[in-house]
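The values are calculated or read from the model by the stated rules, or taken from the named source; none is laboratory data. Just so it is clear, the structure is predicted and the values come from calculations on it, not from any experiment. Here Cβ is always computed from backbone atoms with ideal geometry, including for glycine, and neighbour counts include all displayed protein chains.
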Amino acid sequence: ERRVYEHKAKLKKDSFTARYNIDRLVYIETFNDVRDAIAREKQIKSWRRSKKIALIEAENPRWKDLSLEWE
């Protein structure tokens, strides 16, 4: 939740989310082990854009901002 707030508030002006005006959380996975989360993040980052979009649309076809459920 803290990191989502930091991204939405653009607290780090040189961050990717601030530079490209990223303001929605459209996909999330949870893990018990941080190593598993990091491995999954690396896996997804290696994918083509079309595969990432398919992953998002399978779970969140309207691209709803999932962070709104936390506020």
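Quick notes on this one:
- Here TYR27 meets each of (1) loosely packed, with under 12 Cβ neighbours inside 10 Å; (2) at pLDDT 95 or above; (3) hydroxyl-bearing (Ser, Thr, Tyr) with one exception, condition (1).
- Count of segment 30-59 residues which are hydrophobic (A, V, I, L, M, F, W, C) and surrounded by fewer than 10 Cβ atoms within 10 Å (Cβ to Cβ): 2
- Filter result (part of a helix (DSSP H, G or I) and either in contact (Cβ under 8 Å) with a residue 40 or more places away in the chain or surrounded by 12 or more Cβ atoms within 10 Å (Cβ to Cβ) (or both)) within segment 60-71: LEU66, SER67, TRP70
- Filter result (hydroxyl-bearing (Ser, Thr, Tyr) and either farther than 20 Å from TRP70 by Cβ or in contact (Cβ under 8 Å) with a residue 12 or more places away in the chain (or both)) within segment 5-23: TYR20
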